[in-house]
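The values are calculated or read from the model by the stated rules, or taken from the named source; none is laboratory data. Small disclaimer: the values here were computed from a predicted structure and weren't measured. Every residue, glycine as well, gets a Cβ built from its backbone with ideal geometry; the counts of neighbours run over all protein chains shown.
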Amino acid sequence: MSKITRPSLKTVLKTSTVAGLAAVMLTSGLPAQISQSFAEAVKAEAPSVPSFANVVDAVSPAVVSVRVQSRVNTSDDETSNFSFDFGGRGLEDLPDDHPLKRFFREFGGPRGDDHAERRPDRRPRDEGRLRPRGQGSGFFITEDGYLVTNNHVVADGSAFTVILNDGTELDAKLVGKDSRTDLAVLKVDDKRKFTYVTFADDTKVRVGDWVVAVGNPFGLGGTVTAGIVSARGRDIGSGPYDDYLQVDAAVNRGNSGGPTFNLSGEVVGINTAILAPSGGNVGIAFAIPASVAKDVVDDLMRDGTVSRGWLGVQIQPVNKDIADSLGLSEASGALVVEPQAGSPGEKAGIKKGDVVTALNGEPIKDPRDLARKVAVLRPGSSAEVTLWRDGKSETVKLEIGNLPSDTSDAAQPKDEQSEQQGPTASDEALAALGVTVTPSEDGTGVTIASVDPDSDAGDRGLKEGEKIVTVNNQDVKSADDILKVINNAKKDGRTKALFQIETDDGSRFVALPIDQG
C-alpha cells in the first residue's frame, strides 16, 4: 500500500505559479521571460510648425504703449458731467451729513471747488490741468527715439508718455500727424539708443502669409497675437486713400498704432481699425500698409506735415450702366462730377462728365486709384491726364497742385435747393424714365417733381426735389431739353443716358435706360 503524502505549502505555490505562467504564455503568446512593468504617460511628437518666439523676442523692445493726456478747462472737468437727482433735489440740496455728500467730499466728484475749500489738503482743480485721454500703441523706427502711432491715438492730446516693454516711462513730443492716413510721429529725447524696426516691402505680402501683431490691448501692456493676412486693398470708408491690409490676428482697443510684423520682424502694417460688432475682436482687423506709412512718416519726420498732389476734381466710380451710356468698353476710371473752381483740373480744362482713364500713362481703375496716384505726385510737377470725352480719348497736361491741409477734394455743396414746383405738361413725355420734372427757379437744370418707385429712376435712387443739371454732359433747363438729348443718343445707338443729379450734398451721375421705341 503506497503512502500518500501531503505536499508542502512551498511546493503548492511553486507549482501554481508555473502552471499559471504556462497558461498565460499559451493564451497570450508572451515570451517566457516576464518582468513587472507599468504603462507610460501619453506623449506625442510635435509637428514641425513655425514658432513666433524668435520674432517676438527681437521686436518686442521696439514696441511701446502710448499714454495721452489733454488739457481741460475747469468747466470741462469730468466731475461737471455728473448729474444727480434725489427726489427732485440735487446733490447740493442734500444735508451736509448725507452719506453721498460725505463720499464726494472725501473722494472727489461734483462740486469740486467746494470740496477744495472744505479740504485744505486737496489741491484745487486748476484751469488747463492735464487729465488722461486715451491709450494706444506705437513702435520705434529710429534708434534716436522717433516712433510711429495712429493720429486718432494722439489727436487733441497735450502730453504724451511712452511706456517701454520693461515698464520705463518716458515723455514724448508730437512731431507731426496726418488725419487722412491716420498716422502720427512722436519723438522721445533720451540719451539711450532704442531698439527699432523697419518697414517691409508690402508688395511682397500675400494673402495667407503669417503675421504677428504686438500692442497694448485694453491697457494690458505688451501683448502678442498671430494670424494671417486675410485680404488686401480693403476700403473701409475712412477716406480717399483707403488701401488696408485685413488681418485675422486678434486686435482690440488699445492696439491702435501698434505694428503687424512678418516672420522676418519687419513691419508690414500699422493696426488702425477693427470690425467689432461686439466691441471686441471678431477676427477682422485693418492695418495701414507699410508702403503708405513709409512715405507719410518720412514727410512727417522731415516737415511735420504731408505734402500731397492735388487735381481738384470731385469724382465717382464708373459702373457698367455709366460705361454703356458713355460708350466706354469697360467700367473703369474715375468720372468727374465737378471740377473745383481754381483747381489744377479746372485750369487744364477738365469738365464734368469727363472720365479720367489714365495718369501719366498708368491706367486708372477707380476713384481711389486716382486719388492715391495723384497724392504721391510732387506738387508743382507736370502730369498728363487721359480723359474719355464725347466718345473719344484725349490727353491734357497740367501742373499738379498742393492739396490744402485738412480739406476735402470734394466740391462744396450748394447752399440752397430749388423749391419743388408743380409738374408741367412736358413732364408726361418723360414717363418712360419714371420721372416728371419742372424748371428750376434759379434757371439751372430741372427739379424732379415726382419719381415712380417701380421705375428705373426709382431703382437708382432718384428722389423728389433733386435736380437734373445735365444729360450726357449737356446742360438742360426743361423737359424738352432732356428729350432732345435722349433722341440724339438714340440716333447714335445708345441704350442709356447719363444724368447729372445735384443735391444739397453735392452731385452724382446716374445712367438711366432710354426707350428705343
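Brief remarks follow.
- Residues in region 210-249 that are in contact with a helix residue (DSSP H, G or I) (Cβ under 8 Å, 6 or more places away or on another chain) and under 26 Å from Arg67 (Cα atoms): Val212, Val214, Gly222, Thr223, Val224, Leu245.
- If the condition is being hydrophobic (A, V, I, L, M, F, W, C) and in contact with a Lys or Arg (Cβ under 8 Å, 6 or more places away or on another chain), then region 323-342 contributes Ala331, Val336, Val337.
- Residue match in region 457-466 (condition: farther than 24 Å from Lys392 by Cα and assigned to a strand (DSSP E or B)): no
- Residues that are within 21 Å of Ala371 (Cβ to Cβ) and touching a Ser or Thr at 6+ places or on another chain (Cβ under 6 Å) do occur in region 249-270, at least one of them.
- Restricted to region 183-193, and to residues there that are touching a Phe, Trp or Tyr at 6+ places or on another chain (Cβ under 7 Å) and closer than 20 Å to Asn271 by Cβ, the residue that is surrounded by the most Cβ atoms within 10 Å (Cβ to Cβ) is Leu186.
- Test: residue in region 301-308 that is in contact (Cβ under 8 Å) with a residue 60 or more places away in the chain and assigned to a helix (DSSP H, G or I): yes
- Here Gly349 passes the criteria (1) small (Gly, Ala, Ser); (2) in contact (Cβ under 8 Å) with a residue 60 or more places away in the chain; (3) surrounded by fewer than 19 Cβ atoms within 10 Å (Cβ to Cβ) except the one numbered (2).
- On inspection, Ala358 passes the criterion of being out of contact with any helix residue (DSSP H, G or I) (no Cβ under 9 Å at 6 or more places or on another chain), in contact (Cβ under 8 Å) with a residue 24 or more places away in the chain and over 21 Å from Leu512 (Cβ atoms).
- Residues being crowded, with 21+ Cβ neighbours inside 10 Å and in contact with a strand residue (DSSP E or B) (Cβ under 6 Å, 6 or more places away or on another chain) - total across region 301-311: 2
- Among residues that are within 30 Å of Gly391 (Cβ to Cβ), in the same structural domain as Thr386 (by TED's automatic domain parsing) and buried (at least 23 other Cβ atoms within 10 Å of the Cβ), Val318 is included.
- Options Leu335, Leu328, Leu387, Leu398: the member that is part of a strand (DSSP E or B), out of contact with any Gly (no Cβ under 8 Å at 6 or more places or on another chain) and surrounded by 14 or more Cβ atoms within 10 Å (Cβ to Cβ): Leu387
- Of the criteria (1) closer than 28 Å to Tyr244 by Cα; (2) free of Cβ contacts under 8 Å to residues at least 60 places away in the same chain; (3) not aliphatic (A, V, I, L, M), which one Lys397 fails: (1)
- Residue list for region 355-380, filter: acidic (Asp, Glu) and assigned to a helix (DSSP H, G or I): Asp369
- Residues of region 49-92 classified as at pLDDT 75 or above and farther than 30 Å from Ala172 by Cβ, total: 1
- Tally, over region 268-300, of residues that are under 21 Å from Val188 (Cβ atoms), assigned to a helix (DSSP H, G or I) and not aliphatic (A, V, I, L, M): 3
- Residue match in region 211-230 (condition: of a type in the set (Phe, Trp, Tyr) and part of a loop (DSSP other than H, G, I, E, B)): no
- When region 441-455 is filtered for residues that are closer than 21 Å to Gly353 by Cα and either assigned by TED's automatic domain parsing to the domain that holds Lys352 or not aliphatic (A, V, I, L, M) (or both), the ones remaining, listed by number, are Gly443, Thr444, Gly445, Thr447.
- Test set (1) within 33 Å of the chain's Cα centre (by Cα); (2) surrounded by fewer than 20 Cβ atoms within 10 Å (Cβ to Cβ) - Asp475 fails condition number: (1)
- In region 147-182, the residues that are of a type in the set (Gly, Ala, Ser) and surrounded by 19 or more Cβ atoms within 10 Å (Cβ to Cβ): Gly157, Ala172, Gly176
- Failed criterion for Asp209 (all others in (1) crowded, with 18+ Cβ neighbours inside 10 Å; (2) modelled with pLDDT of 90 or more hold): (1)
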